[in-house]
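The next block holds one structure in the form of structure tokens; read it before the comments.
The values are calculated or read from the model by the stated rules, or taken from the named source; none is laboratory data. What you see is a predicted model, and the numbers here were worked out from it, not measured in a lab. Please note: Cβ atoms are built from the backbone with ideal geometry, for glycine as well, and neighbour counts cover all protein chains shown.
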Amino acid sequence: MKKLSLIFLSLLLALPLFGGPTDYKNRRQLIKENAELLRRIEELEQEVASYRQDRSEKELLEEELSGENENKISAGLENYTTNTDTLLGQWYLHRVSRIPGREQYNMDSVRFTSNVPDSVLMRRLEQMNAFITLPFNETVKNYMILYSEKMPRKMAEMMGLSQYYMPIIEESLRRYDLPLELKYVAVIESAFNPRAVSRVGATGMWQFMYRTAVSYGLRIDSYVDERMDPIKSIDAAARYFRDAYRIFGDWSLAISSYNCGSGNVNKAIKRAGGRRDFWSVYEYLPRETRGYVPAMVGAMYAFRYAKEYGLEPDPLALPTYVDTFHIHQNLHFAQVSELLGIPLDDVRDLNPQYYKDIVPGASGDEVIRLPFNYSSAFLDVQDTIYRHRADILFATKVEDGRETVGGKPVPTSAKASGNTGAWVYYKVKGGDTLSKIARKYNTSVKQIKTWNNLRSDSIAIGQRLKVGKR
């Protein structure tokens, strides 16, 4: 706008003043000045159009980045439910049930002390030479000590998983020319858990809400939830970071918006008198978000100086090398496991986006990731694997509670229990759990999971569940 004002002022100054005969200029000079004025007016119009376009694009981005993400913190991100049918799922359930540190300490009031002098902490923070940095203060110091000294078991576990997931994340960040330090957002969001589901429905390693995920091209349907896909979800997260930085022009604010939505960050900026740096808006941000960026810096510090604190990664639970196969027919994980001898848990851990154990290749091109050492075995059976126990594994569910196998109805547990009426459905609300719903409808958690083909206690807001029969 400053440039527009200068151009407009120059136009005013350039206008000829006519006061008498001596003020008139010859025709040629007037034509030349008129042409110059027209050129400047055209330049001004272009500037205005460009300004309006930039403003419009930013408004669209702000609308896209706000909305559901502002609800990620409404009920907190501390409590996760996860798929417990895999070894990694059980590990996460028992060890990463909350954002690291939140279950043990009130980070708003705790003041940690360390045997490492502040001068050393400050020097190390400076030597990290991170693209995204924060000044050393008590808040940042607390998170540095938390991750490096107060949670050695969780750090060892996350460092172990990082050996598999970090290269995937870094590849996407490089593709969009983004700071590699953004990879530590995955530590704060989910502790590298691709199956993490918060009680407000944020899902996956990057904790995407439904609408935000769909707007960034992630597929969510009856068989696939790409929020759980480690590769596609980081690509979407990288594009989100890129767009957030275009709006705020500051990485700390862009990262904050990932947690609480651009709307909340914009409100904080307005309350801070228009100042656009993290510490100026700090007190106006939601409580959860205030510790978000400092926690990221703390995690970054602990990973960088892990050896100085004696932190060692746990053995890697996932294969280091995987191969990708394109699938054009429906494929069940059990077919892969039984014919190739791959543990079913390993297939699930490498392909968490197929949350019903089915790769729906019949509806389009799908991919499945398998340990590299099983590649030859898969190629050997790929012409016959789709027929293996297909009539049983792909039994068709019908609404009256029956399954059909080979076209013949087979009674399910609902049929066997004597319930023959129409299904009663319940729409999941915030704060619901399976046990709470089971009590409400006088049934059991196990029965609800059977009726709905759930492999875990994980449910999401808006999900429709069968809870009994009339």
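The listed residues are Ile448, Ile437, Ile459, and the only one of them that is at pLDDT 85 or above, in a loop (DSSP other than H, G, I, E, B), under 29 Å from the mean Cα position of the chain (by Cα) and among the β-branched types (Val, Ile, Thr) turns out to be Ile459. Residues that are within 29 Å of Gly160 (Cβ to Cβ), polar (S, T, N, Q) and either crowded, with 23+ Cβ neighbours inside 10 Å or over 24 Å from the mean Cα position of the chain (by Cα) (or both) occur in region 322-342; there is at least one. Would you be able to say whether some residue in region 140-156 is surrounded by 24 or more Cβ atoms within 10 Å (Cβ to Cβ), farther than 28 Å from Tyr301 by Cβ and in contact (Cβ under 8 Å) with a residue 60 or more places away in the chain? Scanning region 140-156 turns up no residue that is surrounded by 24 or more Cβ atoms within 10 Å (Cβ to Cβ), farther than 28 Å from Tyr301 by Cβ and in contact (Cβ under 8 Å) with a residue 60 or more places away in the chain. The set of residues from region 378-390 being of a type in the set (D, E, K, R), farther than 17 Å from Lys356 by Cβ and surrounded by 12 or more Cβ atoms within 10 Å (Cβ to Cβ) comprises just one member, Asp380. Just so you know, in region 129-167 the residues that are aromatic (Phe, Trp, Tyr) and assigned to a helix (DSSP H, G or I) include one that is farthest from Val322 (Cα to Cα), and it is Tyr143. Every listed requirement among (1) under 27 Å from Asn330 (Cα atoms); (2) modelled with pLDDT of 95 or more; (3) of a type in the set (Lys, Arg) is met by Arg195 save one, (2).
Exactly one residue among Val265, Val281 is without any contact (Cβ under 8 Å) to a residue 40 or more places away in the chain, crowded, with 22+ Cβ neighbours inside 10 Å and over 25 Å from Thr203 (Cβ atoms), and that residue is Val281. Is it fair to say Asp323 is in contact with a Lys or Arg (Cβ under 9 Å, 6 or more places away or on another chain) and on the phi > 0 side of the Ramachandran plot? For Asp323, the condition - in contact with a Lys or Arg (Cβ under 9 Å, 6 or more places away or on another chain) and on the phi > 0 side of the Ramachandran plot - is not met.
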